[in-house]
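A short worksheet on the structure shown next.
The values are calculated or read from the model by the stated rules, or taken from the named source; none is laboratory data. Here the structure is a predicted model, which is why all the values come from computation and not from measurement. Neighbour counts are summed over all protein chains in view; Cβ atoms, including those assigned to glycine, are modelled from backbone coordinates with ideal geometry.
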Amino acid sequence: MKAFLQVDHLKKSFKNTTILKDISFDVNKGEIMAILGPNGAGKSTTIRNIMGIIYPDEGNITFEGKQQIPRNKVGYLPEERGLYKNVQVMDILLYLAELKDYPRKKARERALAYLKKFGLEGKEKTSVEELSKGMGQKVQFIASIIHEPAFLILDEPFSGLDPVSQELFKQEIRDLAANGTAILLSSHQMNLVEEMCDRLFLIHRGQKVIYGKMDDVKQEYANFKCTIKGTNKREDVEGLPDVQRVEQRDDTTILYLTKDIHIASWLKQLPDQLEVKELSIDRISLHEIFIDIATDQNMLNEGEYERA
Ligand SMILES: Nc1ncnc2c1ncn2[C@@H]1O[C@H](COP(=O)(O)OP(=O)(O)OP(=O)(O)O)[C@@H](O)[C@H]1O
């Protein structure tokens, strides 16, 4: 796959504080790449560097091999929402398309089609300030893709959307990638990231922690967990083989298991005195992997992971 965006050894400090320490990743054409990390990790700072809003202290950012950002080929849904308020929906969409040198007639056609798709048919003449939060977000999303960008940055695209609208956005983002758009997506909604993204780049305190294909990351980090309903003492389960961590709440015990264990064999050796009203085996989710990293639990202490 060909990279549209290449970020190499990005470093950025504000005053005397280093915010980004040697960040490198790329985004290929036709893929959805997630940039993830706890609050304050440096995601928006990375995106602002890519967009040329701020400049890196060190490092290189290239678009199809060139240093200059090809503004007309880039779409950006920023974290800070806000379109001009006192303007009609169609006018703002056409204005933004014009800024990208996109033909007016095509822009109007696309705007109408997207407004219809997102349930905003007939809102062309509505003033932006009269839109609800979710409606405003839909218009801003349309604004970011009206000019058919080859590279799209979406910062928290799902916030404030109802479940139906989330599905619409999900499908649209997938379709854009399927048509060759390179997409960099930042979101705290791990379930959506897990479903949608091809690769992920996870930063913590301005440094890379995980960079790789979603499937490989899950394979590497999504260990099994065993959830048991029943009254069991912590000390009775803590000593069981291959148990890395135990969580207990009321009569539920969750045993986080070590990597690469054989589940059938592990189940066979559970002691007879264990009270089991219900038992389930699952792989931990990206959400749980994220929490482990954000709270500095053991998982990644053995080193970094890269398999992009
Ligand atoms: N203009 C600035 N001046 C000084 N510090 C800044 C500036 N912008 C960001 N920072 C700091 O850089 C760090 C990273 O911020 P950033 O906004 O990139 O995080 P983020 O990963 O996008 O977080 P969130 O998930 O909360 O949006 C934070 O500690 C923040 O306080």
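Numbers for the structure displayed
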quantity	calculated
Unique match (being within 16 Å of the ligand (Cβ to nearest atom), modelled with pLDDT of 95 or more, in contact with a helix residue (DSSP H, G or I) (Cβ under 7 Å, 6 or more places away or on another chain) and not assigned by TED's automatic domain parsing to the domain that holds ILE289) among ILE153, ILE173	ILE153
Residue match in segment 37-45 (condition: within 16 Å of the chain's Cα centre (by Cα), more than 21 Å from ASP292 (Cα to Cα) and either modelled with pLDDT of 95 or more or near the ligand (Cβ under 10 Å from one of its atoms) (or both))	yes
Segment 80-115, residues that are under 23 Å from the mean Cα position of the chain (by Cα) and exposed (fewer than 14 other Cβ atoms within 10 Å of the Cβ)	GLU80, GLY82
Flag if GLU121 is outside any loop (DSSP other than H, G, I, E, B), surrounded by fewer than 14 Cβ atoms within 10 Å (Cβ to Cβ) and assigned by TED's automatic domain parsing to the domain that holds ASP162	no
Filtered residue count, segment 9-43, keeping only those that are among the small types (Gly, Ala, Ser) and surrounded by fewer than 22 Cβ atoms within 10 Å (Cβ to Cβ)	4
Selection from segment 15-24 of residues that are in contact (Cβ under 8 Å) with a residue 40 or more places away in the chain and either within 12 Å of the ligand (Cβ to nearest atom) or closer than 12 Å to ALA182 by Cβ (or both)	THR18, ILE19, LEU20, LYS21, ILE23
Conditions (1) out of contact with any strand residue (DSSP E or B) (no Cβ under 6 Å at 6 or more places or on another chain); (2) small (Gly, Ala, Ser); (3) not in a loop (DSSP other than H, G, I, E, B); number of the one not met by SER144	(1)
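Per-residue answers, yes or no, for (1) among the polar types (S, T, N, Q); (2) assigned by TED's automatic domain parsing to the domain that holds PHE169; (3) in a helix (DSSP H, G or I):
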| position | (1), (2), (3) |
| --- | --- |
| ILE228 | no, no, no |
| ASN232 | yes, no, no |
| LEU255 | no, no, no |
| LEU267 | no, no, yes |
| ILE281 | no, no, no |
